[in-house]
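This report concerns only the one structure given below.
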Amino acid sequence: MGSIGAGGVADGTVTTIPLSSSSGLPTDTAVVATIDRVDANGVATPSLEESVVGVVSGDNLVTCTRGVEGTAQAHSAGAVVEILFTNKVWGDLIDGILAEHSQAGAHTWDGWMPAEETWTYASATTITVPSGAASKYSKGDKIRLKQGAGYKYFYVVGIADTVLTVTGGSDRRSFVSLPRRVGL
């Protein structure tokens, strides 16, 4: 538990919120912070409560989305700030689980990571990719490409700056023993 830093929060549109301290908060991901759920004495203050999503930078929450829960509003210096398990946090957790699981809990991930860039067919054994392929791909990587209603599976056998050279495609998933997989 912490508090709003000096100067407070002027209104519900401010996107940088000063904290008295950011000690112990992660700086590599956004956090959901609840402000004014209770006052400094632990007394509930429901009309002042607001949850915001922001990224810790120094002793500030920056690029905040205001009023994620509650009403976006001004907050006084010293207002209590808490990191709680709120409806927003619960929803984000469920979304993360459902990214790779069905509602019943079964794994739905097929082991293939989507390519995060556009590839272009060049020939039966080459694929044109954006610049910097050598820093993203390695010989031996396997890829899966959608072709018609099915998939074709390939190994990367050569890498140039913008070209992947691959083995001839196979209709079989005989590549499951390799650790790194990329697919479309």
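The values are calculated or read from the model by the stated rules, or taken from the named source; none is laboratory data. Just so we're clear, the structure is a prediction, and the values are computed from it rather than from any experiment. Note: ideal-geometry Cβ built from the backbone for every residue, glycine included; neighbour counts use all protein chains shown.
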State all residues of the stretch 57-86 that are in contact with an Asp or Glu (Cβ under 9 Å, 6 or more places away or on another chain), assigned to a strand (DSSP E or B) and within 19 Å of SER21 (Cβ to Cβ); if no residue qualifies, say none.
HIS75, VAL80, VAL81
Mind checking whether some residue in the stretch 100-110 is under 26 Å from GLY168 (Cβ atoms) and touching a residue at least 12 places away in the same chain (Cβ under 8 Å)?
no
I'd like the residue in the stretch 128-155 that is surrounded by 15 or more Cβ atoms within 10 Å (Cβ to Cβ), among the hydrophobic types (A, V, I, L, M, F, W, C) and within 28 Å of the chain's Cα centre (by Cα) and, out of all such residues, is modelled with the highest pLDDT.
VAL129
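Among the candidates GLY12, GLY70, single out the residue that is touching a residue at least 40 places away in the same chain (Cβ under 8 Å), touching a strand residue (DSSP E or B) at 6+ places or on another chain (Cβ under 6 Å) and either surrounded by fewer than 17 Cβ atoms within 10 Å (Cβ to Cβ) or at positive phi (or both).
Going through GLY12, GLY70 in turn, just one is touching a residue at least 40 places away in the same chain (Cβ under 8 Å), touching a strand residue (DSSP E or B) at 6+ places or on another chain (Cβ under 6 Å) and either surrounded by fewer than 17 Cβ atoms within 10 Å (Cβ to Cβ) or at positive phi (or both): GLY12.
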Of everything in the stretch 73-95 that's surrounded by fewer than 17 Cβ atoms within 10 Å (Cβ to Cβ) and among the small types (Gly, Ala, Ser), which residue is nearest to the chain's Cα centre (by Cα)?
GLY91
Scan the stretch 26-37 for residues that are over 15 Å from SER51 (Cβ atoms) and either among the hydrophobic types (A, V, I, L, M, F, W, C) or in contact with a strand residue (DSSP E or B) (Cβ under 8 Å, 6 or more places away or on another chain) (or both) and jot them down.
PRO26, THR27, THR29
Please find, within the stretch 40-62, the residue that is surrounded by the fewest Cβ atoms within 10 Å (Cβ to Cβ) out of those that are among the hydrophobic types (A, V, I, L, M, F, W, C) and either within 17 Å of GLY5 (Cα to Cα) or touching a residue at least 12 places away in the same chain (Cβ under 8 Å) (or both).
ALA40
